[in-house]
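Structure first, commentary second.
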Amino acid sequence: MKIIAQDLQLRQELLCYPLACQLLFKRRQAEIEAELVQKRLYMIDVPIFILQGGQDTLDALAKSRVYAQLMPKVELKMIAHAGNDLPESCAGVVAIEIREFIKAILKSHNLNKLN
């Protein structure tokens, strides 16, 4: 009964905000798909760096690999010992990897100004 009461209370609160309800629950499939980029990843024409923890979930690892295959200018780098908390657990490694990625881009454009 407690769950039903909580759901009812949430429904009552949501009814106070009809526009929010419409945005959340009454969206057309075309509106939702317009926000998704998976079908347009091939159109991204800037260098992309995907830094992934090698011990992350199988789902996250698979998605990173698929994204890397779909984008034309992508570098996928795995940090073998890291999980899904790269910035917290490997901040130094993350900073170095990002810096090296940017340096490579600058070098490819003859802009060696990153020190």
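The values are calculated or read from the model by the stated rules, or taken from the named source; none is laboratory data. Just so we're clear, the structure is a prediction, and the values are computed from it rather than from any experiment. Reconstructed Cβ throughout: ideal geometry from the backbone, glycine too, with neighbour counts over all protein chains shown. For the accessible areas, the whole protein counts, side chains as well, though only heavy atoms, and no ligand, DNA or RNA atoms are used. Shrake-Rupley method; radii C 1.70, N 1.55, O 1.52, S 1.80 Å.
Tell me, yes or no, whether segment 86-96 has at least one residue that is surrounded by 11 or more Cβ atoms within 10 Å (Cβ to Cβ), in contact (Cβ under 8 Å) with a residue 12 or more places away in the chain and within 15 Å of the chain's Cα centre (by Cα).
Scanning segment 86-96 turns up at least one residue that is surrounded by 11 or more Cβ atoms within 10 Å (Cβ to Cβ), in contact (Cβ under 8 Å) with a residue 12 or more places away in the chain and within 15 Å of the chain's Cα centre (by Cα).
Go through the residues of segment 53-65 one by one and say whether even a single one is touching a Lys or Arg at 6+ places or on another chain (Cβ under 9 Å), under 30 Å from His109 (Cα atoms), of a type outside the set (Val, Ile, Thr) and surrounded by 15 or more Cβ atoms within 10 Å (Cβ to Cβ).
no
Within segment 4-30, work out how many residues are open to solvent by less than 90 Å² (accessible area, probe 1.4 Å) and either within 30 Å of Val66 (Cα to Cα) or of a type in the set (Val, Ile, Thr) (or both).
2
Based on this model, can you work out whether Ala60 counts as of a type in the set (Gly, Ala, Ser) and touching a Gly at 6+ places or on another chain (Cβ under 6 Å)?
no
Any residue in segment 41-55 that is within 17 Å of Arg99 (Cα to Cα) and in contact (Cβ under 8 Å) with a residue 24 or more places away in the chain sitting within a Cβ distance under 7 Å of a residue that is open to solvent by less than 40 Å² (accessible area, probe 1.4 Å) and assigned to a loop (DSSP other than H, G, I, E, B)? List the pairs, counting only those 6 or more apart or interchain.
Ile48/Met71
Which condition number does Gln12 fail, the rest of (1) part of a helix (DSSP H, G or I); (2) within 17 Å of the chain's Cα centre (by Cα); (3) not hydrophobic (A, V, I, L, M, F, W, C) being met?
Every condition holds for Gln12 apart from (2).
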